[in-house]
Amino acid sequence: MDELVHLEVTGGTATITLESPRNRNALSAQLRRELAAQIDAALADDTVRVVVLTHTGPVFCSGMDLRESRGAGAGDQGVHEFPGILATLWYADKPVIARLAGPARAGGVGLVSACDIAVAAREATFAFTEVRIGVVPAVISSTVLPRLLPRAAHELMLTGETFDADRAAAVGLVNVAVDADGLDAEVARYVDMLARGGPHALAATKALLRRDRSEHLQQDLEAMLELSAEFFASDEGQEGMTAFAEKRSPSWVPDA
C-alpha cells in the first residue's frame, strides 16, 4: 500500500506532506492514521524546530472521505480519529505552519486552523461545505472559531459559500495570501523567523496564547465529535453524501 503522508526532516524543519492527490487528499482512514503518526514523529524528534504541513496535487485537503462515511453508523464514522489530530497540532510544543497551494474544504479547513500560522497561495479557495451535504462543521469548529471573525463564521459556516485566500486572510483563517510563485519563499520566511526563537520559549509562548481561548478544547472536541458523528450517520447526512457522489442536488434543495 502506497504511503499517503510523507515526513521529511531537513535543517531542523519537518515537512509533512499529504500525498493522496487521486482523491484530493481526502481524510481517508489510511491518511488519518498516517498523518497522526507522522505528526507524532515530527514532534518527538529533538532536531525538529518547526513543522510544515503541506500537500502534493492541486488540492490541500478536501475534508472527510465521504465514500467511507456513506452507510456507516455514528460509531463507525471516520471523524472519530480527527479530534486527536487537531488537538495534537493545537497543543504541539513546536510551531506548525500550514502551506496551501490549493483548496481546503471542511476538515481540511480544520487542519489549517489547528496550525499556528497558515500561508496560502491566492489560487487557494476555502469552504465549510458541511451543511450542503446535511452534516455539521462540529469538530472543526473547536479550532476554527477561535481564529475566525464571528460575523464571518456565521456567514461562511451557514452558507457553505466558497471564498478566496484574500478573504481567508481578512477574516483570520490564514495569516497571508501570496502569489503562487512566492508561496515557498513566504513559508521559508516564517520558518526562519520561528527557528530564531528559543525552543522552550516558543513552547511556553504557545501555551500562553492558547490559555484563555482553548482551556476546554479537549472537552469541546469530545462534545463536537458526538454531534458530528450523529449527523454523518443521519438520514440527512447520508442523503447529502449520496447526492454528492451522484453529482445531483440533495432531496431538500427546492426544485426552483
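The values are calculated or read from the model by the stated rules, or taken from the named source; none is laboratory data. This structure is a prediction, so every number in the text was calculated from the model and none was measured. Reconstructed Cβ throughout: ideal geometry from the backbone, glycine too, with neighbour counts over all protein chains shown.
Tabulated values for the structure
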{"item": "Unique residue being modelled with pLDDT of 95 or more, surrounded by 16 or more Cβ atoms within 10 Å (Cβ to Cβ) and polar (S, T, N, Q) when the list is Ser69, Ser20", "result": "Ser20"}
{"item": "Residue within the stretch 8-15 that is within 23 Å of Glu161 (Cα to Cα), modelled with pLDDT of 95 or more and of a type in the set (A, V, I, L, M) present", "result": "no"}
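Per-residue answers, yes or no, for (1) surrounded by 15 or more Cβ atoms within 10 Å (Cβ to Cβ); (2) touching a residue at least 60 places away in the same chain (Cβ under 8 Å); (3) farther than 28 Å from Gly11 by Cα:
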residue: Arg151; (1), (2), (3): no, no, yes
residue: Met157; (1), (2), (3): yes, no, yes
residue: Val174; (1), (2), (3): yes, yes, no
residue: Tyr190; (1), (2), (3): yes, yes, no
residue: Leu194; (1), (2), (3): yes, yes, no
